[in-house]
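K.L.:
Below is a structure I'd like to ask you about.
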Amino acid sequence: MEKITLGYAMTGSFCTLDKSIVEMSRLAADGYDILPVMSENVYTVSTRFGKARDIVTKVESIAGKSVIHTVSGSEPIGPKHMCDALIVAPCTGNTLSKIALGITDTPVTMAVKSQLRIGAPVVLCLASNDALGASAENLGRLLNRKNIYFVPMRQDDPENKPNSLVARFELIPECVKTALSGKQLQPIFQ
């Protein structure tokens, strides 16, 4: 059997990057080939959660290849069938909304558009403080869109952040398997 290649895209929910990298490492250890993609912010912005260069180095070490970090670099992902499925982990509310509205102005949104163009699965691992607020209607749009799958999610702090949803990153591997078979891992909201 041929090795499965997973595009693994990361956007700027900086507080969840460590969780995402753990799951990327698990997928690589499980035998998946990883094609890393990063938004410009993840690729260049250092925060209290880590230095951008250190994050890029860690991801490139896991994947064994350079991070795609430009719109032009991510455009051929679909047409060249560079991956069997594309994961966006973390997927911010901003990126979620751009995907829902067809906006392709970042390396990650272009990768998603490119992947969907060929009818291949896209797995979104949401981490957003406004998923049940300003981004809620776009979440609804994508829940009904073909070839879009969600890593099951929950409210992370209903009292202090009632509009926030965070995916259960540890379910990424299981969600990828179900998405590759054309099914959504259930329940979506946990």
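Values quoted throughout were computed directly from the atomic coordinates according to the rules given, and no laboratory measurement underlies them. Computed from a prediction, not measured in an experiment: that's the story for all the values here. Backbone-built Cβ (ideal geometry, glycine too); neighbour counts: all protein chains shown.
K.L.:
Spin-label point model (7 Å from Cα, Cβ direction): what's the Lys161 to Lys80 distance in nm?
P.N.:
Between Lys161 and Lys80, the simple spin-label model gives 3.6 nm.
K.L.:
Taking N as the number of residues in region 5-180, what is its Cα Rg relative to 2.2 N^0.38 Å?
P.N.:
Its radius of gyration relative to the 2.2 N^0.38 Å reference: 0.93.
K.L.:
Could I ask something else about it? Give the residue list of GluC sites (Glu not before Pro) in region 1-99 that are DSSP loop and have at most 12 other beta-carbon atoms within 10 angstrom.
P.N.:
Those that pass, being in a loop and sparsely packed, are Glu2.
K.L.:
Under 17 Å from the Cα of Lys161, which lysines turn up, not counting those fewer than eight places away in the same chain?
P.N.:
Lys161 reaches no qualifying lysines.
K.L.:
Also, quick follow-up: Based solely on its DSSP helices, what 222 nm [θ] is calculated for the chain when runs of n ≥ 4 H residues each add -39,500 (n - 2.57) and the sum is averaged over all residues, nearest 500 deg cm²/dmol?
P.N.:
Result for the chain: -10500 deg cm²/dmol, rounded to the nearest 500.
K.L.:
Could you tell me which of rounded, prolate or oblate describes region 130-190, using a ≥ b ≥ c as the square roots of the eigenvalues of the alpha-carbon gyration tensor, with rounded for a/c under 1.5 and, failing that, prolate when a/b is larger than b/c and oblate otherwise?
P.N.:
Oblate shape, in that a/c is at least 1.5 and b/c is the bigger or equal ratio.
K.L.:
Right, something else. Return the subset of Lys80/Lys113; Lys65/Lys98; Lys113/Lys146; Lys19/Lys146; Lys146/Lys183 for which the Cα-Cα distance in this structure is over 18 Å, preserving the input order.
P.N.:
The answer is Lys65/Lys98; Lys19/Lys146.
K.L.:
Right, here's the next one. To check you understand DSSP bridge types, tell me what percent of the beta bridges within the chain (both residues inside) are antiparallel, rounded to 5.
P.N.:
20 percent
K.L.:
Would you please give the residues with an amide H less than 5 Å from that of Val123, counting only those at least 5 places away or on a separate chain, with H modeled from the backbone geometry?
P.N.:
Residues meeting the amide H criterion: Leu86, Ile87, Val88, Tyr149.
K.L.:
Turning to a different aspect of this structure: Peptides 155-162, 166-173, 134-141, 108-115: what's the order by average Cβ count within 10 Å, highest mean first?
P.N.:
108-115, 166-173, 134-141, 155-162
K.L.:
In a Gaussian network model over the chain where Cα atoms closer than 10 Å are linked, find which of Cys15, Cys125, Cys83 has the largest mean-square fluctuation.
P.N.:
Greatest mean-square fluctuation among the candidates belongs to Cys15.
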